[in-house]
Amino acid sequence: MNLLPKDTNGCPYLFLAPMEGVGDRCFRKAMASIGGFDEAVTEFIRVPSNAHVKSLAKVYEADETAPIPIAAQIMGSDPQLMAAMALEMQEKGAPRVDLNCGCPSNTVTGRGAGSSLLKEPNFLYEVAKAIVSAVSIPVSVKMRSGFADISLFKENLLAAQESGACFITLHPRTKVDGYGPPARWDLIAEAKSILKIPLVGNGDILSVKDALKMLQDTRCDALMIGRGSVTNPFLFHQIKAHFAGKNYRPEWSALIRYFEVFCAELNPESPNRGKVNKLKQLMSFLFKGNEKLLQTRQTILTSQHPTTEDFLAFALPLLKAGWEG
Ligand SMILES: Cc1cc2nc3c(=O)[nH]c(=O)nc-3n(C[C@H](O)[C@H](O)[C@H](O)COP(=O)(O)O)c2cc1C
């Protein structure tokens, strides 16, 4: 089975990136209502050293983005616990487990997880191998290009490959880079020349043009898109349409539905203010992604509305004006 099949028009497999905080369950469900991507993944599920895997695993729902499959990303550094968590995910129906080797947060890296795994390729191998050995579903590794620098770049790629990972996703910035400098696509091309297993290219794809350029420049096997999908939820469809030789015209009704699904998924227990702020955050990304809307973005951010319905009644006409203008 090819894990990263191209579609009939030759479009590479498209992943919605994990994005803790922004790309939560509400966002993923809303994105699934628009579709266009082939697979989603959860944001990292922390597996701390005192983890009780069964209770932590409850956050994973295999049918969350149905019919689009959703993999489970786990983050931690205790090989036994990580293996137990992966098994738990498998039992909950996850089609794949992804090992996080990229999270730059100090609270995470302090405990040796996330991007800290990139400091010691042997240890990365040990953690990944423990997971691969524990489950029968495919295991992938998502990594940055290094911790402080790229001196262990090749060693980390090979460690992941040798552990039995089915593919690697590379976000070519170091932990120290954070999200600052442009993603180094030359490193994706280099990784492609090093690896025998498939490689998913990730980082700074904001348009169809970027997606095509990444494929052309790096020869990577598939693409993963994070922030570009928040600023333009139709980007996956636009990429697919390009390969099909078609024009894709986003439907306004699909965007309305996107917000409706997002609001329906907001935690009913959270106060209205929290819900409005989450919706505002999502909406502000759309205003950021559209030049015509940039100047109205501040109005959106500073607006005060008691409920999500009130906020939508205020913001949607502004969005529509820019959308159609
Ligand atoms: C708000 C935010 C949260 C993120 N959370 C995760 C995460 O939970 N797991 C992970 O592997 N990467 C995470 N990332 C990294 C993204 O998956 C992706 O690698 C990075 O944003 C580069 O891709 P992009 O330019 O398409 O956004 C996060 C990125 C952002 C902006």
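What FRET efficiency, computed as 1/(1 + (r/R0)^6) with R0 = 56 Å and r the Cβ-Cβ distance, is obtained for residue 207 and residue 136, rounded to the nearest 0.05?
It comes out at approximately 0.90.
Report the full-extension gain for the segment residue 49 to residue 277: residue separation times 0.36 nm, less the Cα-Cα distance, to one decimal in nm.
Additional length available on full extension: 78.8 nm.
Using only the Cα atoms of segment 96-200, build the gyration tensor, take square roots of its eigenvalues as a ≥ b ≥ c, and label the shape rounded, prolate or oblate: rounded if a/c is under 1.5, else prolate if a/b is larger than b/c, else oblate.
oblate
May I ask which residue of 163, 93, 21 lies farthest towards the positive end of the charge dipole of the chain, with charges of +1 (Lys, Arg) and -1 (Asp, Glu) on Cβ and the Cα centre as origin?
21
Hey, how many Å between the Cα centroid of segment 198-212 and the Cα centroid of segment 273-325?
27
So what is the calculated 222 nm ellipticity per residue for the chain, using -39500 (n - 2.57) for each DSSP H run with n of 4 or more, over all residues, to the nearest 500 deg cm²/dmol?
Computed ellipticity for the chain at 222 nm equals -13500 deg cm²/dmol.
Could you list the trypsin sites (Lys or Arg not before Pro) in segment 28-113 that lie in coil according to DSSP, counting only those with at most 16 other Cβ atoms within 10 Å of their Cβ?
Taking segment 28-113 and a limit of 16 other Cβ atoms within 10 Å, the loop trypsin sites (Lys or Arg not before Pro) found are 92, 111.
Treat the chain as a sphere of radius equal to its Kirkwood radius over Cα pairs and apply Stokes-Einstein at 10 °C in a medium of 1.306 mPa s; give the translational diffusion coefficient in µm²/s, rounded to a whole number.
In µm²/s, the coefficient is 78.
About the Cα centre of the chain, what is the dipole size in debye to 20, counting +1 per Lys and Arg Cβ and -1 per Asp and Glu Cβ, all else neutral?
Around 480 debye, computed over the chain.
In square nanometres, what is one fourth of the surface area of the convex hull spanned by the alpha carbons of segment 187-227?
2.6
For segment 309-320, take each phi angle, set θ = phi - 60°, evaluate the Karplus expression 6.51 cos²θ - 1.76 cosθ + 1.60, and give the result in whole Hz per residue in order, putting x for glycine and proline.
5, 5, 4, 5, 4, 7, 7, 4, x, 5, 5, 5
If r is the Cβ-Cβ distance from residue 247 to residue 292 and R0 is 30 Å, what FRET efficiency results, to the nearest 0.05?
After rounding to 0.05, the efficiency reads 0.95.
Who wins for biggest fluctuation among 186, 310, 210 in a Gaussian network model of the chain, springs between alpha carbons below 10 Å?
Of 186, 310, 210, the most mobile in the Gaussian network model is 310.
Report D for segment 76-125 in µm² per second (integer): Stokes-Einstein, Kirkwood Rh on Cα pairs, 20 °C, 1.002 mPa s.
Roughly 187 µm²/s, to the nearest whole number.
What is the magnitude of the charge dipole of segment 75-214 about its Cα centre, with +1 placed on the Cβ of each Lys and Arg, -1 on the Cβ of each Asp and Glu, and no other charges, expressed in debye to the nearest 20?
The calculation lands at about 260 debye.
In the chain, with Lys and Arg counted as +1 and Asp and Glu as -1 at Cβ, which of these residues, 203, 5, 222, has the Cα nearest the positive end of the dipole, that is, farthest along it?
Most positive-ward Cα: 203.
Tell me the volume per residue, in Å³, of the convex hull enclosing the alpha carbons of segment 10-75.
87
So if I place +1 on the C-beta of Lys and Arg and -1 on the C-beta of Asp and Glu, and nothing else carries charge, what would the dipole magnitude of segment 40-118 be about its Cα centre? I want it in debye, nearest 20.
220
For the chain, take the longest principal axis of its alpha carbons; what is the angle in degrees between that and the long axis of helix 272-288, to the nearest 10 within 0 to 90?
The two axes meet at around 90 degrees.
Rule-based calculations on the coordinates, nothing more; no lab input. Note that the structure is predicted; figures quoted are calculated from it, not measured. Counting neighbours? That spans all protein chains shown, and the Cβs are built from the backbone with ideal geometry, glycine included.
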